[in-house]
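What follows is a single structure, written as structure tokens, with notes after it.
The values are calculated or read from the model by the stated rules, or taken from the named source; none is laboratory data. What you are looking at is a predicted structure, and each value in this text was computed from that prediction instead of being measured. Cβ coordinates were reconstructed from backbone atoms using ideal geometry, including for glycine residues, and neighbour counts include every protein chain displayed. Accessible surface areas use protein heavy atoms only, side chains included; no ligands, DNA or RNA. Shrake-Rupley method; radii C 1.70, N 1.55, O 1.52, S 1.80 Å.
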Amino acid sequence: MKEGNILNQTGTRIAYFSMEIGLNSDVPTYSGGLGVLAGDTLKACSDLRIPIVGMTMLYRQGYFYQKLDPKGQQSAEPYEWQPKRFLNLLPEKVSVDISGRSVFVQAWTYRVVGRDGFEVPVVFLDTEIPENDPEARFFCRTLYGGEDRYRLSQELILGVGGVRMLEKLGFNDLRRYHLNEGHSAFLTLELLKKNLVLDGPGAIEAVRQKCVFTTHTPVPAGHDKFDYSLVREVLGDYFPLEELKKLGGGERLNMTLLALNLSDYVNGVAKSHGEVSREMFPGYSIDAITNGVHTGTWACESFNRLFSEMIPGGMNDPFSLRYILSVPRERIQRAHQAAKKELIELVNRTTLAQMSEEVLTIGFARRATAYKRFTLIFSDLDRLISISRNIGRLQLVFSGKAHPEDREGQAMIKAVIETAKRIHPDIPVAYLENYDMELARIMVSGCDLWLNTPRKPKEASGSSGMKAALNGVPSLSILDGWWIEGCLEGITGWAIGSAQVENNEDAVDAASLYEKLERVIVPLYYSNQEGWVDVMRNSIALNGSFFNTHRMMQQYVLNAYMF
Ligand SMILES: *Cc1c(COP(=O)(O)O)cnc(C)c1O
């Protein structure tokens, strides 16, 4: 998406700030669901002609490139990529004072082009400039690397530098600033400063009117907090500390609190996450807009073709994916088989798993972090093997990166790979390296069943199951996040455990998982192909048509941007 430098500043009304934005796997500046959602959001805006500009950071070493040794030990390598191949460098520079000196910030742009040519610019901030000292240049090296001071500096660049850069680039008629998670909450301070009277209720109200905040974190520990001693060192006299404490919490600076206090519209990312957030932050009005995925990005080639043929215009009007109900089962099966072939070939080319296109294939891929419970399906290996031997054969494809500091996550990957060796060849298990958007697309469309086993209520929404549904792949999942809304038992997929349970136990969930496989899912797959394809078709008709960013953005426009 290179060429030309002209930004459509004058018509742009909304600025969308996110610490990570995942547009495609060539621009590796995302770590997982948050970033992919941000990218999908901006793509839907380009399709719907919503005048928005994206603001994020450019990480020269990406998140990281994952390598796995034969024992399953992960190593994190710098992700080598060349920004200038995909982005345009702009001449404008701004500066932000960080830890007592000026840090210069430059900007690159990426153009997201919608289905009828409407363009949404995405601005990537970058401190890799000769004027900066080595530490300052390092601020744009990695995403979520380093300790608090590094993180705080990055958030200052994004929030304060971002507002200044937009002004410098001529975006002077912005009506809304959308904070995708609390990382960018410093932008509220910069807006406050522009209103001169810092502590006047009028100034705060004026800023609130402009800000929209989407929270993604259902557990208190997940919210960014900084010690005020560090804040004082890094921010210097940028903002009076006493005023800041009134807005961001007295003990430590809580970025979520800062965002909550300075936003007029706040939402969680699924209905249940809205409820959890209201409990976590009593006294704030918190709405819910359930996440979605971008149809044009996540429908695989064969379904893309099927949709264009049978549901013309469906990709830009995903509501009409409901008409898939009148498409013959055989066409759906054929489209799926093409996607499955691609996945199985990839697995057999890159691993020793020796998979077959005839076997029920379970997919599991996401960030490898403890609450996602990668190994829940391995709780009782004898039972799993007995299902595969006696009811119908199974094979499993895994993928996912663990944060380099996350020991538990890395141990989980190792456990999957060790278990794979133990149950081979009874159940072929593959772990594909370096999960990214490209691999995600192959996996969510090529498996037969998408498995998700988070510990409740930690999955704020989850989105890979939505991508699977769009490709006719049903989910088997814990009733958390989006699946509470998406699951119609036996119609769009299956639930593990019950909706009522709050602190789910591994053993109980594992038993429920095996029960579903043994009694319902595996028999359906092998003995009732028509019944199986009905579930596939319903996944598209009921979930593909709803859990997409077109619907989601229409809700943001009506509920958040036009308030
Ligand atoms: C969609 C996606 C995710 C998010 O998946 P969840 O189900 O929400 O955990 C993470 N990483 C990549 C590369 C993705 O494409």
(message) Suppose every Lys and Arg Cβ carries +1 and every Asp and Glu Cβ carries -1, with no other charges. What dipole size does the chain come out with about its Cα centre, to the nearest 20 debye?
(response) 700 debye
(message) Take the residue pairs LYS93/LYS245; LYS372/LYS516; LYS67/LYS93; LYS84/LYS458 and return only those whose Cα atoms are more than 27 Å apart.
(response) LYS93/LYS245; LYS67/LYS93; LYS84/LYS458
(request) Give me the percent of DSSP beta bridges within the chain that run antiparallel, rounded to the nearest 5. (result) 35 percent
(request) Report the Stokes-Einstein translational diffusion coefficient (µm² s⁻¹, integer) for the chain, Rh taken as the Kirkwood radius over Cα pairs, at 37 °C with viscosity 0.692 mPa s. (result) 136 µm²/s
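For n ≥ 4 DSSP H runs only, could you compute -39500 (n - 2.57) per run for the chain, divide by its residues and tell me the 222 nm figure to the nearest 500?
Working: 23 runs with 211 residues, N = 563.
The per-residue figure over the chain is -10500 deg cm²/dmol.
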(request) Could you tell me whether segment 4-113 comes out rounded, prolate or oblate from its Cα gyration tensor? Rule is a ≥ b ≥ c as square roots of the eigenvalues, rounded for a/c under 1.5, then prolate if a/b exceeds b/c, otherwise oblate. (result) oblate
(request) Check the straight Cα-Cα distances from LYS421 and name the aspartates and glutamates below 19 Å, setting aside those fewer than 8 residues away within the same chain. (result) ASP69, ASP380, ASP382, GLU433
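Remind me, relative contact order of the chain in percent, using alpha carbon pairs under 8 angstrom and six or more residues apart? If you can, show how the numbers build up before the last one.
Details: 1173 pairs, mean separation 80.5, N = 563.
In percent, rounded to a whole number, it is 14.
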(request) Can you send over the solvent-accessible area of ASP97, 1.4 Å probe, protein chains only, in Å² to the nearest 10? (result) 90 Å²
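Can you tell me what the convex hull of the Cα atoms of segment 352-402 projects to on average, as an area in nm²? Show your work: numbers first, answer last.
Working: hull surface 16.8 nm².
The number I arrive at for segment 352-402 is 4.2 nm².
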(request) Return the distance in nm (one decimal) between the two label points of a simple spin-label model at ASN195 and GLN554, each offset 7 Å from Cα along Cα→Cβ. (result) 3.3 nm
(request) Identify the GluC sites (Glu not before Pro) of segment 68-119 meeting these criteria: DSSP loop state and at most 15 other C-beta atoms within 10 Å of the C-beta. (result) GLU80
(request) Please state the charge dipole magnitude for segment 59-217, taken about the Cα centre, from unit charges on C-beta atoms (+1 on K and R, -1 on D and E), reported in debye and rounded to the nearest 20. (result) 280 debye
(message) With an 8 Å Cα cut-off and a minimum separation of 6 or more residues, compute the relative contact order for segment 280-336 in percent.
(response) 31 percent
(request) Would you mind pulling out the separation of the Cα centroids of segment 202-239 and segment 72-99, in Å? (result) 24 Å
(message) Placing +1 on the Cβ of each Lys and Arg and -1 on the Cβ of each Asp and Glu in the chain, which of LEU558, GLY292, SER320 has its Cα farthest towards the positive end of the resulting dipole?
(response) SER320
(message) Taking a virtual spin label 7 Å from the Cα of SER527 along the C-beta vector, which residues in segment 386-420 bring their backbone nitrogen under 18 Å of it?
(response) 386-394
(message) I'd like the distance between the alpha-carbon centres of segment 136-163 and segment 449-495, rounded to an integer number of Å.
(response) 34 Å
(request) May I ask you to compute the full-extension gain from ARG383 to ALA511, defined as 0.36 nm times their residue separation minus their alpha-carbon distance, rounded to one decimal in nm? (result) 45.1 nm
(request) Of the options ALA353, TYR525, LEU451, report the single residue whose Cα projects farthest towards the positive end of the charge dipole of segment 296-547 (beta-carbon charges: Lys, Arg +1; Asp, Glu -1). (result) ALA353
